[in-house]
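Colleague: Structure below; questions to follow.
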Amino acid sequence: MEVYTHDLIILGTGLAGLRAALEAAQQSVGDLNIALVSKLQLMRAHSVAAEGGTAAVMRQAEGDSYELHAWDTVKGSDFLADQNAVDFFVHEMPKEILRLDHWGIPWSRQEDGRIAQRPFGGHTFPRAVFAADKTGLLEMQTLYDTLMKHARRINRYDEGFVTSIVVENQRFVGLTMIDMLKGRLVFIRGKALILATGGAGQIFGFTTYSETVTGDGLAMAYRAGLPLKDMEFIQFHPTGLIPSGILMTEACRGEGGILLNNAGQRFMETYAPSKMELAPRDMVSRSEMIEIETGRGFPGPDELDYVHLDLRGLGREKILERLPLIREVTLTHIGLDPIEKPIPIRPVAHYTMGGVHTDLQGRTPIENIWAAGEVACVSLHGANRLGANSTAECLVWGRVTGAEAARYCQIAATAEMPKDTRQAWAPVEALLQSSGGEDHYQIRKELRHNLDLTMGVFRTNEKMTAGLKKIRELKERYKFISVMDKSLRYNTDLMRAIETGFMLEAAEVATLGALTRTESRGGHARRDFTARDDENWLKHTLAYRTEDGPRLEYCPVNISMWKPVERKY
Ligand SMILES: Cc1cc2nc3c(=O)[nH]c(=O)nc-3n(C[C@H](O)[C@H](O)[C@H](O)COP(=O)(O)OP(=O)(O)OC[C@H]3O[C@@H](n4cnc5c(N)ncnc54)[C@H](O)[C@@H]3O)c2cc1C
């Protein structure tokens with residue numbers, strides 16, 4: 001085993017990780033030795049897939065305001081967001097947009113040269129700043145280019161697959177990592193860790209997420225003793241392309257696209273007459289499912305019945321200018337030109353609202369671990385995230401955690417190397433020696449199908465009980481898997497097996513949390529408990545790992561600005 005020592009370790013190179021690295025490098029004026037770790041090549045983080053925009057208040061003179069952005073976010077969250085986090089966020093975001101502008105991002109602009117903004121679901125003002133429909137890619141590229149000015153103090157571990165977070169006496173000590181290219185086991189020591197590993201979308205079969213988003217950081221943090229918060233809240237985006245689930249960005253509706261059932265009716269008139277297609281995602285997804293279930297959808301492959309997203313009203317020029325990627329994707333994947341025909345879509349698993357429990361500064365209950373981006377739950381999104389608030393969250397809490405952790409590292413000492421790292425490596429070694437009869441690819445497939453069936457847009461006690469039972473059976477079977485490739489160099493068989501173990505943990509926490517929460521709120525809609533229940537459930541779920549499965553506790557929601565009211569659009 002090789003040992004490398006750095007000051008600050010940033011695990012994950014998506015928007016949150018890169019923003020954190022840049023802030024830490026700038027704050028410490030080159031003093032700190034920073035490690036940036038990714039299981040992929042740096043620029044292949046999932047964030048490059050973000051399409052439609054990043055929310056910020058940029059037009060106060062024209063009627064937008066911080067209060068309005070905060071209210072939209074809190075109402076969108078079905079009142080589960082922590083209002084102090086929301087307040088902080090809305091004030092920080094415009095500064096992030098201007099910083100990226102100064103660093104050179106090609107934001108889409110209006111004719112008068114000002115940064116353009118487009119409407120997004122649940123926002124009462126056109127608030128999404130964008131770069132065509134390639135917002136995430138261009139944000140990533142701009143952060144990366146700017147970070148390269150500090151390249152001397154940044155140590156990259158691309159294609160370094162981290163298998164565990166090592167904590168001793170309630171302090172972070174280091175990470176165990178497989179250097180995939182060199183085929184070596186590595187221990188990376190550090191004074192502090194920023195966890196920025198993204199969500200867990202792959203626990204679902206029908207999802208917008210890339211194959212790599214497998215909840216690794218969530219599971220590793222949970223195994224290291226950190227609580228996971230509000231994991232039962234999973235967002236279903238209303239417009240996943242049939243049959244792959246590729247995202248048709250909300251910007252399609254922001255630019256004027258409409259939703260139609262099989263009778264050609266704009267069915268959102270029934271469900272959200274004031275906001276129509278730009279109601280929050282949870283509501284639009286439920287509306288689509290009701291249309292499909294009551295026979296007003298179109299029959300699709302593999303039980304993926306669908307409704308139509310119609311962009312024809314936008315006209316050719318607008319589609320080519322504002323949604324070029326969407327057209328490219330539909331042409332390439334299903335041979336359909338949205339200029340001429342409506343797109344087949346249905347709700348698709350899209351975002352993990354829950355995550356590692358943090359305070360307002362992104363600090364976790366372990367003093368020298370911070371978390372930022374989708375892996376974290378500072379509780380900005382509560383029970384339902386508004387579109388364009390996630391890339392924004394990555395920027396805000398990337399900056400905050402980068403600054404906080406950098407300050408910490410400038411005064412803290414590196415923890416002692418653990419006397420014995422065998423325990424940390426034991427699961428990897430066991431897999432390399434495994435010879436059981438279970439196939440981990442099959443377990444992953446069954447897990448994802450199970451979540452599609454039991455943890456979808458509408459949930460019931462019966463389905464979730466069966467779902468949890470199945471997850472626990474799969475966990476048992478997982479103990480008897482075998483990895484066929486016994487080498488360490490670019491062993492994707494081993495990596496997939498470890499990821500599946502992470503996915504099982506995340507799925508179990510999400511399902512138990514959902515089963516226990518006997519109400520409907522935001523993205524958690526139950527057919528057996530259809531109403532929101534503030535008296536009993538206006539609280540965050542915290543899941544702690546025990547040998548017998550997750551132990552659930554609860555903590556209060558910050559309600560510093562608005563008391564919960566009925567959520568109507
Ligand atoms: C298709 C799509 C479009 C979207 N569009 C928008 C949008 O327009 N606006 C918006 O606000 N939000 C959007 N979102 C959501 C948003 O893109 C994500 O929430 C956000 O980009 C997540 O960024 P992140 O930095 O937290 O994580 P990620 O970008 O997922 O990065 C995670 C990093 O962690 C690393 N990692 C993970 N596990 C390990 C491990 N075991 N070892 C080493 N490294 C590891 C990965 O390699 C990667 O570098 C979209 C989401 C999807 C799926």
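Colleague: For the range 433-520, what is the Kirkwood estimate of the hydrodynamic radius, computed as the reciprocal of the mean inverse distance between distinct Cα atoms, to one decimal in Å?
Modeller: After inverting the pairwise mean of 1/r, the radius is 13.8 Å.
Colleague: Using a 1.4 angstrom probe and counting only protein chains, how large is the accessible area of Asp420 in Å², to 10?
Modeller: About 80 Å², ignoring ligands and nucleic acids.
Colleague: Please list the helices of the chain that count as membrane-span-like by this rule: a mean Kyte-Doolittle hydropathy of at least 0.0 together with Cα atoms stretching 27 Å or more along the helix axis, each helix being a complete DSSP H run.
Modeller: 389-411, 492-516
Colleague: Also, I was wondering about something else. Give me the accessible area per residue for the range 422-539, probe 1.4 Å, as a whole number in Å².
Modeller: Numbers: 5450 Å² over 118 residues.
Value for the range 422-539: 46 Å² per residue.
Colleague: Given the -39500 (n - 2.57) contribution per DSSP H run of 4+ residues, what per-residue ellipticity at 222 nm results for the chain, rounded to the nearest 500 deg cm²/dmol?
Modeller: Computed ellipticity for the chain at 222 nm equals -11000 deg cm²/dmol.
Colleague: Something else: Considering only DSSP states other than H, G, I, E and B, which GluC sites (Glu not before Pro) in the range 520-569 qualify as loop sites with at most 16 other Cβ atoms within 10 Å?
Modeller: Passing sites in the range 520-569 are Glu547, Glu566.
Colleague: Using a 1.4 Å probe on the protein heavy atoms, what percent of the accessible area of the range 239-347 belongs to carbon and sulfur?
Modeller: Within the range 239-347, the accessible surface is 49 percent carbon and sulfur.
Colleague: Further question on the same structure: For the range 355-472, just say rounded, prolate or oblate: build the C-alpha gyration tensor, square-root its eigenvalues into a ≥ b ≥ c, call rounded for a/c under 1.5, and beyond that prolate if a/b exceeds b/c, oblate if not.
Modeller: Oblate.
Colleague: If the viscosity is 0.692 mPa s and the temperature 37 °C, what translational diffusion coefficient in µm²/s does Stokes-Einstein give for the range 23-103 when Rh comes from Kirkwood over Cα pairs?
Modeller: 210
Colleague: How large is ³J(HN,Hα) for each residue in the range 161-169, as worked out from phi by the Karplus curve 6.51 cos²θ - 1.76 cosθ + 1.60 (θ = phi - 60°), to whole Hz, x for Gly and Pro?
Modeller: Working through the residues one at a time gives 8, 7, 10, 7, 9, 9, 10, 10, 6 Hz.
Colleague: Let me ask something else about it. Which lysines, if any, have their Cα less than 29 Å from the Cα of Lys275, not counting same-chain residues under 8 positions apart?
Modeller: Within the straight-line cut-off, Lys275 pairs with Lys75, Lys95, Lys134, Lys318, Lys341, Lys539, Lys563, Lys568.
Colleague: Quick one: if you take sqrt(5λ) for each eigenvalue of the C-alpha gyration tensor of the range 77-132, what semi-axes come out, biggest first, whole angstrom?
Modeller: Numbers: eigenvalues 121, 45, 12 Å².
Taking √(5λ) for each Cα gyration eigenvalue gives 25, 15, 8 Å.
Colleague: How compact is the chain by the rule of thumb for globular proteins, expressed as Cα Rg over 2.2 N^0.38 Å?
Modeller: 0.92
Colleague: With a cap of 12 neighbouring Cβ atoms within 10 Å, and only residues DSSP puts in a loop, list the trypsin sites (Lys or Arg not before Pro) found in the range 350-449.
Modeller: When the trypsin sites (Lys or Arg not before Pro) of the range 350-449 are filtered for loop state and at most 12 Cβ neighbours within 10 Å, Lys419 remain.
Colleague: Something else now. Could you please state, rounded to a whole Å, how far the C-alpha centre of the range 357-425 is from the C-alpha centre of the range 282-344?
Modeller: Their Cα centres are 37 Å away from one another.
Colleague: Please give the Cα centre distance for the range 471-488 versus the range 79-157, rounded to the nearest Å.
Modeller: 41
Colleague: Same structure, new question: How many Å² of accessible area per residue for the range 239-347, probe 1.4 Å?
Modeller: Dividing the accessible area of the range 239-347 by its residue count gives 42 Å².
The values are calculated or read from the model by the stated rules, or taken from the named source; none is laboratory data. Being a predicted model, the structure only gives us computed values, none of them experimental. Cβ coordinates were reconstructed from backbone atoms using ideal geometry, including for glycine residues, and neighbour counts include every protein chain displayed. What goes into the accessible areas is simple: the full protein's heavy atoms, side chains included, and nothing from ligands, DNA or RNA. Shrake-Rupley method; radii C 1.70, N 1.55, O 1.52, S 1.80 Å.
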